[in-house]
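Just below is one structure, and these are the notes that go with it.
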Amino acid sequence: MTAAPAVAVEDIEVFADDLDLRKAAAVYSDHGCLVVRGLMKPYLAELERDIEATAAQSLALLDRAERVNEGWVTPDGTLLIPAPSHYSRDKQIMVLAVSYTTSAVFFRSAFDSKTVDIVEAVLGPNIEIFGSGQCLYKEPVGGHPKHLHQDAAYFEHRYEGPVGVLSYLVDTDLVNGALHVVPGSHTMGVLNHIDTFSHLGLDEQEWPWEKSLPVVGKAGDSIFFHVKTIHGSQENHSPKPRPVAIHRYRRADDYVVISATTAANRAEAEKHIAETRKSNQRGLMVRGFRAYEQEASTQDFAYSAKRA
Ligand SMILES: O=C(O)CCC(=O)C(=O)O
């Protein structure tokens, strides 16, 4: 029989309205995950507006989608994967092209002071944004599952790696695709991932859903998770879309050493780990200061100053 997690959701939960930063950081450090109830509530209505506008825009561009390794990409940048056979079309949305460069509220919500306070309590004083924000969008009536996985399989870092903050934008339960987490799995190192329907994932025989803890929540609840915490979510069987918004933060001196989306390109990237350089991303600072580091390639700074 598969052992279910010994941790309950109540053990990993705090409340944005009465935030206890020390407790939040301790929960995150012990379990590699933390639920903050109500954190993204102030941004919900505007986020939903921009997300639904993007979904409508991308579907209108579907006939111009181009084939890529991971599925298809529309001209505005939405990633689609094959749809179940009962769909009216052959493709379903997976990652919606809404980001800090297309949505002001998405950008603004990344700087939310309570969110960054928690990240600072976890990562320390100097924090940058990693990536441009992400929206995973499960379409109604069967929208895609995301197999259990560690984000480190996709972006392994030199140091602590990013803290992911996934926020529910609709009430989310076992019917429409609650996020599942495996508390404590952040201490297990980077596990071997295989190619699955939803890209890199863990072998289902070894990591069945029963080993994970579902986090049911309201719109506006956020789940913080470590880059090595195992997580994923099942299909959306409800009649409405189930989007989530994800912000990622990391120490200002951290950087990617392996970037991958398939078992083959991960194996190739692993061969070049020694060649990776500190300058592979310089995100916007959300807290603190980025000190000059010789190792972080002055050439790129000089080049971009010339281009500006
Ligand atoms: O939409 C979800 O729940 C999946 C999110 C996720 O697993 C990820 O972004 O890594």
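The values are calculated or read from the model by the stated rules, or taken from the named source; none is laboratory data. Keep in mind that this is a model prediction, so the values were computed, not measured. As a convention, Cβ positions derive from the backbone with ideal geometry for all residues, glycine included, and neighbour counts pool all protein chains shown.
Values computed for the structure shown
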quantity: Extreme residue, farthest from Q150 (Cα to Cα), among residues of segment 17-48 that are of a type in the set (G, A, S) and in contact with a strand residue (DSSP E or B) (Cβ under 6 Å, 6 or more places away or on another chain); calculated: A24
quantity: Test set (1) surrounded by 18 or more Cβ atoms within 10 Å (Cβ to Cβ); (2) under 17 Å from the mean Cα position of the chain (by Cα); (3) within 16 Å of the ligand (Cβ to nearest atom) - E70 fails condition number; calculated: (1)
quantity: Any hit, segment 6-14, residues being modelled with pLDDT under 95 and over 19 Å from the mean Cα position of the chain (by Cα); calculated: yes
quantity: Any chance G161 is touching a residue at least 24 places away in the same chain (Cβ under 8 Å) and farther than 26 Å from K91 by Cα; calculated: yes
quantity: Output for segment 239-258, where each listed residue is within 14 Å of the ligand (Cβ to nearest atom) and either over 19 Å from H199 (Cβ atoms) or at pLDDT below 95 (or both); calculated: P241, A245, H247
quantity: Filter result (under 23 Å from A45 (Cα atoms), within 10 Å of the ligand (Cβ to nearest atom) and surrounded by 21 or more Cβ atoms within 10 Å (Cβ to Cβ)) within segment 115-172; calculated: C135, L136, Y137, K138, G143, G164, L166, Y168, T172
quantity: Tally, over segment 1-20, of residues that are within 23 Å of P125 (Cα to Cα), assigned to a loop (DSSP other than H, G, I, E, B) and among the aliphatic types (A, V, I, L, M); calculated: 1
quantity: Sole residue being touching a residue at least 40 places away in the same chain (Cβ under 8 Å) and among the hydrophobic types (A, V, I, L, M, F, W, C), chosen from V141, V73, V68; calculated: V141
quantity: Enumeration of residues in segment 247-274 that are among the aliphatic types (A, V, I, L, M), part of a loop (DSSP other than H, G, I, E, B) and under 19 Å from I127 (Cβ atoms); calculated: A252
quantity: Whichever residue in segment 173-194 is among the β-branched types (V, I, T) and buried (at least 17 other Cβ atoms within 10 Å of the Cβ) and, among such residues, is farthest from the ligand (Cβ to nearest atom); calculated: V182
quantity: Hey, V244 in contact with a strand residue (DSSP E or B) (Cβ under 8 Å, 6 or more places away or on another chain), assigned to a loop (DSSP other than H, G, I, E, B) and over 12 Å from H147 (Cα atoms) or not; calculated: no
